[in-house]
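Undergrad: Dropping the structure in here first, questions after.
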Amino acid sequence: MDNNKGLIIDVDLRSHENNLAHRTREIDRERLIVRRGQPFSITLQFSDSLPPKHHLELVLHLGKREEVVIKVQKERGAEDKWWFTQQGAQDEVLLTLHSPADAIIGHYRLAVLMMSPDGHIVEEADKARFHLLYNPWCKDDVVYLPDESLLQEYVMNEDGIIYMGSWDYIRSIPWNYGQFEDYVMDICFEVLDNSKDALKNSQMDIERRSDPVYVSRMITAMVNSNGDRGVLWGKWEEPYSDGVAPYRWTGSVPILQQWSKAGVRAVKYGQCWVFAAVACTVLRCLGVPTRLITNFNSAHDVDGNLSLDVLLNERLESYDSRARKDSSWNFHCWVESWMTRDDLPKGNDGWQVLDPTPQELSDGEFCCGPCPVTAIKEGILGVKYDAPFVFAEVNADIINWIVHQDGRREKLRVDQASVGRNISTKSVYGDTREDVTLHYKYPEGSREEREVYEKAGRRVTEPAYGNEAPGQLQLSIKHAKPVFGTDFDVIVEVENISVTDAHAQLTMLAMAVTYNSLHRGECQRQTISVTVPAHKVHREVLRLHYDDYVRCVSEHHLIRVKALLEAPGENEPIMAVANIPLSMPELLVQVPGKAVVWEQLTAYISFTNPLPVPLKGGVFTVEGGGLLSSTEIRVKGDVAPGQKVSVKLSFSPMRTGVRKLLVDFDSDRLKDVKGVATVVVRKKYTPFITRLY
């Protein structure tokens with residue numbers, strides 16, 4: 001950085017070595033990006049020696065309009081102050097700057113002032129700029145995480161896995177967080193700059209950015225576009241023709257880039273896993289250890305009574321009501337971020353739940369958290385933020401009611417065991433699933449669970465049977481793991497545990513739903529009378545044909561089967577529910593040969609149509625952090641049943657390391673087909689030539 005006038009002729013920010021030491025080299029090698037609480041050095045070049053009794057002062061400016069000005073002290077003082085040391089001789093001076101561990105994150109301008117003996121500014125070099133991030137490697141930073149393997153996963157890893165499906169059939173999709181892709185960091189700060197607080201009082205907002213509790217809460221509000229200039233527009237039903245369907249995204253980077261390039265206009269469209277993934281990208285980029293969580297059978301408790309009242313009409317369909325209602329989601333995604341909370345009692349540090357999906361207002365904003373995971377497990381619902389809502393997501397009762405035509409409500413059952421199952425995240429040790437359910441709740445039926453429920457004010461009913469009902473009859477639903485495009489059977493079992501025969505009416509209903517329980521259409525219905533001998537099991541088979549469910553199945557490929565049993569002598573009707581995700585075929589992605597940075601590489605992608613009908617409008621979307629930006633390849637013509645379609649794509653890897661190439665295929669009848677390949681990118685080899693004399 002040149003300054004041709006006066007004594008100061010150059011300010012060298014030493015970006016290469018500083019960024020390496022601060023673990024930010026993946027973000028940028030040319031611009032200076034450092035982490036708070038850790039010193040960094042710059043070099044000043046002078047045209048001559050510093051005049052006698054003259055000295056240097058450093059001033060930091062922060063904010064678009066430089067609302068915050070910080071004078072850097074010449075020697076170490078209080079721990080919450082910036083300070084610097086100076087060493088050198090003649091025409092070169094090395095300055096080492098020390099930031100406090102609670103410094104404000106952001107984009108700084110550094111002014112180097114040459115001061116006369118009487119305190120006047122003789123010369124100023126003021127064009128040096130750098131970014132400051134949180135530092136989870138610094139023990140005095142509130143985001144400090146004392147485990148290098150966790151830091152490598154939750155801060156440095158750009159590739160992730162998101163779990164979906166149902167609690168008993170968990171599937172996964174790969175995701176490119178891409179937090180170190182070009183200019184993603186700049187967009188992350190742009191997200192902060194467009195929050196309501198930043199636009200209303202920029203100086204106060206900037207000063208509060210030292211606190212990751214404040215910043216993370218702001219991010220959960222800004223990732224969704226409800227009520228602000230947020231990144232993503234949420235939509236849970238087709239059509240998505242005026243945007244990108246949520247299931248088509250394979251990474252966060254195209255979403256953030258599109259939002260920024262469009263003048264901070266919301267990108268269409270997102271659903272819970274997309275909101276969570278984008279939040280994970282932003283938080284990891286800023287230096288907050290973060291992981292994506294999937295909660296299966298997740299409750300959305302509107303009225304805060306820790307129970308979900310599911311209203312059904314006499315046909316077992318969702319009761320039509322204009323009022324906002326409780327709902328149960330097949331799965332729901334949020335993120336956890338690691339931080340120490342000075343605003344809470346001891347024991348509430350560590351992982352904090354943050355949910356950017358717009359569900360309920362929190363202090364007037366569509367955001368949720370940060371809420372301590374430990375508080376959820378212990379039933380301490382008075383802590384900030386949104387603890388009752390998060391507690392209900394993993395613990396609420398589900399109470400089903402039939403609303404008859406005369407308005408009378410008939411209670412079906414209380415389901416105390418199904419909410420909050422197999423809570424999942426990607427393992428630190430590879431591409432496998434880690435179950436973190438016991439971080440959120442004690443084992444079902446344990447004494448500790450009872451104590452937590454009593455503390456939180458949730459009813460405790462003995463016993464909690466799940467799908468079993470008290471009385472002489474028990475009802476269950478069994479199924480295999482069906483593949484989309486095939487016919488399959490669902491088996492409904494009625495067990496009689498009494499000593500006498502039982503007579504009952506059995507209604508079986510299969511319907512297409514979205515993952516958040518929106519009804520899309522009926523596939524099959526049967527009502528029959530059954531007689532079950534004493535101590536026997538009666539089985540009925542519900543056959544589901546592709547032609548029946550393809551007409552109404554949602555993009556989530558989810559079939560919900562309900563069975564209702566009404567029998568004389570039973571206290572109340574018995575209902576069982578099974579959510580059946582239809583598995584999808586996988587893409588074959590191959591990248592043969594050695595991958596070398598900046599040398600051309602070719603990927604081969606193939607896919608066979610498993611459906612009995614042709615596919616129209618096929619398109620592959622390919623992306624990969626450090627490999628290539630999001631690219632579309634359109635398939636020419638229709639893909640006939642059983643036909644294999646193959647494409648190839650050449651690209652030049654941009655960064656070394658273990659990388660993931662992600663591919664998505666979509667068409668008119670088959671959507672959300674994923675594939676992934678691992679690519680190990682090596683440095684370019686430069687041969688060492690020895691001369692012989």
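The values are calculated or read from the model by the stated rules, or taken from the named source; none is laboratory data. Values in this document were obtained by computation on a predicted structure and should not be read as measured data. Note: ideal-geometry Cβ built from the backbone for every residue, glycine included; neighbour counts use all protein chains shown. Surface accessibility is based on the protein's heavy atoms, side chains included, excluding ligands, DNA and RNA. Shrake-Rupley method; radii C 1.70, N 1.55, O 1.52, S 1.80 Å.
Undergrad: Would you mind counting up the charge near Arg551? Only other residues with Cβ under 15 Å from its Cβ, with Lys and Arg at +1 and Asp and Glu at -1.
TA: Details: positive: Arg520, Arg525, Arg669; negative: Glu238, Asp487, Glu522, Asp547, Asp548, Glu555, Asp668.
Every neighbour counted, the sum reads -4.
Undergrad: With viscosity set to 0.890 mPa s at 25 °C, what whole-number translational diffusion coefficient in µm²/s follows for segment 177-233 from Stokes-Einstein and a Kirkwood radius over Cα pairs? All intermediate terms of the calculation are to be shown ahead of the outcome.
TA: Values: Rh = 11.7 Å.
Answer from the Stokes-Einstein relation: 209 µm²/s.
Undergrad: Now, a different point. At what distance in nm do the modelled label points of Asp501 and Ser652 sit from each other, each positioned 7 Å from its Cα along Cα→Cβ?
TA: Going from the Asp501 label point to the Ser652 one covers 8.2 nm.
Undergrad: Please give me the summed charge of the neighbours of Ala101: other residues whose Cβ is under 15 Å from its Cβ, Lys and Arg +1, Asp and Glu -1.
TA: On the way: positive: Arg35, Arg36, Arg76, Lys81, Lys139, Arg209; negative: Glu79, Asp80, Asp102, Asp140, Asp141, Asp211, Asp342.
Once all neighbours under 15 Å are counted, the net charge is -1.
Undergrad: Something else: Could you state the number of Å between the C-alpha centres of segment 28-46 and segment 621-676?
TA: Each part's Cα centre sits 39 Å from the other's.
Undergrad: Sort Asp48, Asp349 from largest to smallest accessible area, using a 1.4 Å probe on the heavy atoms of the protein chains. Please list the in-between numbers first.
TA: Numbers: Asp48 90, Asp349 65 Å².
Ranked from most to least accessible, the order is Asp48, Asp349.
Undergrad: Express the carbon and sulfur contribution to the solvent-accessible surface of the chain as a percent, rounded to the nearest whole number, probe 1.4 angstrom. Walk me through the numbers on the way to the answer.
TA: Working: 14660 of 30050 Å².
The C+S portion of the solvent-accessible surface of the chain is 49 percent.
Undergrad: So if I take the alpha carbon set of segment 169-263, get Rg, then get Rh from the Kirkwood formula, what is the Rg over Rh ratio?
TA: On the way: Rg = 15.0 Å, Rh = 14.9 Å.
Rounded to two decimals, Rg/Rh equals 1.01.
Undergrad: Moving on. Where the centre of each part is set by its Cα atoms, how far does segment 541-583 sit from segment 302-318, in angstrom?
TA: That distance is 17 Å.
Undergrad: Here is a further query. Across 20 Å bins from 0, what is the distribution of all Cα-Cα pair distances for the chain, in whole percents?
TA: All Cα pairs, binned at 20 Å, distribute as 16, 43, 29, 9, 2, 0 percent.
Undergrad: Follow-up. Determine the per residue accessible area of segment 602-693 with all protein chains present and a 1.4 angstrom probe, expressed in square angstrom. Show your work: numbers first, answer last.
TA: Details: 4870 Å² over 92 residues.
Solvent-accessible surface per residue comes out at 53 Å².
Undergrad: What is the sum of charges, Lys and Arg at +1 and Asp and Glu at -1, for the other residues whose Cβ falls under 9 Å from the Cβ of Leu113? Please list the in-between numbers first.
TA: Values: positive: none; negative: Glu57, Glu123, Glu124, Asp126.
Neighbour charge sum, excluding Leu113 itself: -4.
Undergrad: 7 Å from Cα along Cα→Cβ at both Asn571 and Ser49: what's the point-to-point distance in nm?
TA: 9.6
Undergrad: Which trypsin sites (Lys or Arg not before Pro) in segment 58-162 pass both tests, a DSSP loop state and at most 16 other beta-carbon atoms within 10 Å?
TA: Working: sites: Lys64, Arg65, Lys71, Lys74, Arg76, Lys81, Arg109, Lys127, Arg129, Lys139; in loops: Lys64, Arg65, Lys74, Arg76, Lys81, Lys139.
Passing both the DSSP loop test and the Cβ count: Lys64, Arg65, Lys74, Arg76, Lys81, Lys139.
Undergrad: If I stretch the segment between Thr432 and Thr486 completely, what's the gain in nm (0.36 nm per residue apart, minus their alpha carbon distance), one decimal?
TA: On the way: separation 54, 0.36 × 54 = 19.44 nm, distance 2.83 nm.
Taking Thr432 through Thr486 to full extension adds about 16.6 nm, to one decimal.
Undergrad: Can you pick out the pairs among Lys594/Lys674; Lys441/Lys478; Lys594/Lys671; Lys139/Lys426 whose Cα atoms lie more than 29 Å from each other?
TA: Values: Lys594/Lys674 24 Å; Lys441/Lys478 27 Å; Lys594/Lys671 32 Å; Lys139/Lys426 25 Å.
Check vs 29 Å cut-off fails for Lys594/Lys671.
Undergrad: Something else about it: Let's test the formula: R0 of 56 Å, r as the Cβ-Cβ distance of Glu79 and Lys478. What FRET efficiency results, to the nearest 0.05?
TA: Values: r = 62 Å, r/R0 = 1.11.
Result of the calculation: an efficiency of 0.35.
Undergrad: Can you compute the helix-only [θ] at 222 nm over the chain? Use -39500 (n - 2.57) per DSSP H run of at least 4 residues, normalise by all residues, nearest 500 deg cm²/dmol. Don't jump to the answer; show the numbers that get you there.
TA: Details: 13 runs with 102 residues, N = 693.
Helix contribution divided over all residues of the chain: -4000 deg cm²/dmol.
Undergrad: Let me ask something else. Quick check: the distance between the Cα centres of segment 141-165 and segment 353-421, to the nearest angstrom?
TA: The distance from the Cα centre of segment 141-165 to that of segment 353-421 comes to 27 Å.
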